[in-house]
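Comments concern the structure below.
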Amino acid sequence: MAFQKHILCIGAGYVGGPTMAMIALKCPQYKVTVVDINPRRIAEWNSDLLPIYEPGLDDVVKTARGRNLFFNTDVEKGIQEADIIFVSVNTPTKTFGAGAGMAADLQYWEKTARQIRENSDSPKIIVEKSTLPVKTALAMERILTSDSKVPFEVLSNPEFLAEGTAIRDLENPDRVLIGSRETESGLKARAELVAVYANWVPKEKIITTNTWSSELSKLVSNAFLAQRVSSINAISALCERAEANVSEVSRAVGMDSRVGSKFLNASVGFGGSCFKKDILNMVYLCRFYGLSEVADYWEGVVKINEYQKERFVMNMLQAMFNTLAGKKICLFGFAFKADTGDTRESPAIFIAKRLCEERAHLMITDPKALDNAKTDLKGVVGDIEYVADPYTAASGCDAIAVMTEWKLYKELDYQKIYHSMVKPAFIFDGRNILNHQTLFDMGFNVFPIGKPPLTHFKRES
Ligand SMILES: NC(=O)c1ccc[n+]([C@@H]2O[C@H](COP(=O)([O-])OP(=O)(O)OC[C@H]3O[C@@H](n4cnc5c(N)ncnc54)[C@H](O)[C@@H]3O)[C@@H](O)[C@H]2O)c1
């Protein structure tokens, strides 16, 4: 069958894979190819065990794969064939040189730009899907157009999907954002990308802006989301001192329609590959433009997150009589959030490392993230075991610390768990997902976030 359009995506990760699978599902008239330099990842995309866990993803991939969705490692051929090229390579925080620890590392990005230029002999639309610093499209344009025979148009189309709900978010997005140059050719390319999404996204949800607004909106969007988490987490510390209850506070605040209720759950801290990196990226940009007050303001969001994780460990230490050495602690969950196996920047990594420093013995359980946990903690000095079954993991432990809000942890038989644990038994609910009063009534000493603890110890006089 002759396809109307050839779409290529460079980078078969958490964004490239699901996004392209959705385009292929909704647009059988297009051929969608996803390429990656990592052959193992591509082999997994072509197998029954996809490289990422995402509810609903298997069905979407199974429907489209081999029909109009293809995964391979032939980046050059993919570029030659394509009319539209999405670039969805990783843009981690730079670990070396100027801007180390803050700025985005654009080496994968730039390599891709050069590779596109070298393998193109027909006009192409290049779409930035990765999250990038403002003005990256300009750098891309410069690389593409220096010494090139064919015209390129660079668009910004940041991805707003959240891991764990990626398929739902892609199928029914709050908005699709497309930024372009406001020239004749820029507007033409923009219209072409709008037409792709219009195959399933209502027109009023597809918003268009200039390129720089689009690039910046993605950073700002993540910064605002993370800021809400840090705001409520900062308040959780105050609630613990003031004997207030953060859930009650967040409910009262969130019911103000000017504020809204989402992203107001206190927790052990935010994780994921994006929030910290994107805020630091924005902080770096602000400093670059000499806006040190603005930079400090946003950097505070990251600092509160670090503080919240450390505070969690200190609360554990204090509650368990100021020593964790030799105690067995079970981490319920390792993924940075529920419904994903992704552990990048998961608070559980920090907490596991700190608990090892305190010489605790760790039992780690998670339904999807144990392999990643093993990789994250490779080389950490300590006594760590990885156990798939939560009952086995908790058995013989002094404490359970809930790291991830997996639904299954709400549904366990805690009476059975209590009987298998060392006494006094502790639960530190880093996600506030459990029924604290019921656990207390069973005999647990319960330490939620931002709420008075429920303990069986007599108060000190
Ligand atoms: N993960 C998310 O939830 C999310 C959401 C929105 C936006 N983003 C952004 O999307 C981008 C990608 O994120 P991700 O989570 O999918 O990353 P990822 O690390 O899962 O995937 C990136 C892929 O790109 C491949 N790659 C790198 N250089 C390449 C090259 N030169 N040619 C071909 N393939 C190459 C890597 O092998 C990897 O498989 C980032 O900029 C991120 O900030 C991520």
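Read the figures in this text as sums done on the coordinates, not as results from a lab. In this text, all values refer to a predicted model and were calculated from it rather than measured experimentally. All Cβ positions, glycine included, derive from the backbone under ideal geometry; neighbour counts span all protein chains shown.
The figures follow:
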| item | result |
| --- | --- |
| Simple spin-label estimate for Lys149 and Asp58 in nanometres, 7 Å along Cα-Cβ | 4.7 |
| Relative contact order (percent, whole number), the chain, Cα cutoff 8 Å, 6+ residue spacing | 11 |
| Residue pairs, from the table Lys62/Lys407; Lys135/Lys337; Lys31/Lys111; Lys203/Lys368; Lys276/Lys328, whose Cα atoms sit over 28 Å apart | Lys135/Lys337; Lys203/Lys368; Lys276/Lys328 |
| Separation in nanometres of the label points that stand 7 Å from Cα toward Cβ, at Asp441 and Arg114 | 6.7 |
| Normalised convex hull volume, the chain, alpha-carbon set, Å³ per residue | 160 |
| Separation between Cα centres of the stretch 72-87 and the stretch 122-159, rounded to whole Å | 14 |
| The chain: Cys lacking any partner C-beta under 4.7 angstrom | Cys9, Cys27, Cys239, Cys274, Cys286, Cys356 |
| DSSP-loop chymotrypsin sites (Phe, Trp or Tyr not before Pro) across the stretch 1-103, with at most 11 other Cβ within 10 angstrom | Phe96 |
| Listed residues Leu216, Leu280, Val268: farthest to the positive end of the dipole of the stretch 175-324 (Cβ charges) | Leu216 |
| Inter-label distance for Asn322 and Phe457, nm, one decimal - labels placed 7 Å from Cα along Cα-to-Cβ | 1.1 |
| Value of relative contact order over the stretch 309-447, rounded to a whole percent, pairs C-alpha under 8 Å and six or more apart | 24 |
| Rounded D (µm²/s) - the stretch 5-201, Kirkwood Rh over Cα pairs, Stokes-Einstein at 37 °C, 0.692 mPa s | 193 |
| Spatial separation of Cα centroids for the stretch 432-448 and the stretch 1-37, in angstrom | 47 |
| Largest to smallest principal axis extent of the C-alpha atoms in the stretch 219-307, angstrom | 41, 28, 25 |
| Per-residue Cβ neighbour rank within 10 angstrom, fewest leading, Ile304, Ile10 | Ile304, Ile10 |
| Relative contact order [Cα under 8 Å, 6+ residues apart], the stretch 219-307, whole percent | 38 |
| Percent of beta bridges antiparallel (DSSP, the chain, rounded to nearest 5) | 5 |
